[in-house]
Amino acid sequence: MGQEAKLEHVVALLKSLDDQWICVDGGWGVDALLNVQTRPHADLDLIIRKTDVAAIELALTNQQFHKVLETDGLVYASSELVVDLHPVRIDSKHYGHFDLPNGGSWPFPPETMGAEGQIGDFRVRCLSVDAQVQCHAQGYVLTPKDIDDMRALQAKFGCVLPLRFYIEGAIPYDT
């Protein structure tokens, strides 16, 4: 771990998993929405269905990935790429539920996990603009790269960024 997630390795992995339901999240998800790689990325974040965990783990293992961490997600690494899997439970209304430490869940409507974007020459399903902003709005301190990501989404899509970003001074009021 610690290497950069290079575009060609990300695209090759996504193409190899094309028969699986995956939703690109995180920095690559933002770049997919923007249709351009804006910065280096440490890993590739993928939202997957809980029912597909075993199949995706097998696909990764068959491509020389090994499990390096199991927390709120599953982290796999190869010599070329780190992949962070975020399993969701899909309910009867097709909402994706992220499990919370308190035993509850955070539901995402189906359209939030069905945006389309592009990474390199490959079209991908990715987290929607609004869902990306919502995910960045809570749970951790924003880094400069997060702020740049949110500003880029706002510039391209005109989305409203959370007031928290401005109150906490992460983004100056004059932007």
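Summary table
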{"read-out": "Compactness of region 68-122 - radius of gyration and Dmax, Cα, Å", "value": "14.1, 40"}
{"read-out": "At most 13 other Cβ within 10 Å, DSSP loop - GluC sites (Glu not before Pro), region 84-171", "value": "Glu168"}
{"read-out": "Charge dipole (debye, nearest 20) of region 7-129; +1 at Cβ of Lys and Arg, -1 at Cβ of Asp and Glu", "value": "200"}
{"read-out": "Cleavage-rule hits (trypsin sites (Lys or Arg not before Pro)) in region 79-175: DSSP loop, at most 12 neighbouring Cβ within 10 angstrom", "value": "Lys93"}
{"read-out": "Selected from Leu81, Leu69, Leu60 as most flexible by GNM, with the chain as the system and alpha-carbon contacts under 10 Å", "value": "Leu69"}
{"read-out": "Inverse mean reciprocal Cα-Cα distance (Kirkwood Rh) of the chain, Å", "value": "16.7"}
{"read-out": "Descending principal axes extents, region 1-73, alpha-carbon based, whole Å", "value": "32, 25, 24"}
{"read-out": "DSSP beta bridge pairing in the chain, given as percent antiparallel to the nearest 5", "value": "75"}
{"read-out": "Centre separation in Å (Cα based) which lies between region 1-49 and region 99-155", "value": "13"}
{"read-out": "Point-charge dipole on Cβ atoms (K/R +1, D/E -1) for region 1-64, about Cα centre, debye to 20", "value": "40"}
{"read-out": "Restricting region 93-175 to chymotrypsin sites (Phe, Trp or Tyr not before Pro) in coil, as DSSP defines it, with at most 13 other Cβ within 10 Å", "value": "Tyr140, Tyr173"}
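Only the coordinates and a few stated rules stand behind these numbers; no lab work does. Note that this is a predicted model, so its numbers are computed, not measured. Here the Cβ is made from the backbone with ideal geometry for all residues, glycine too, and neighbour counts use every protein chain on show.
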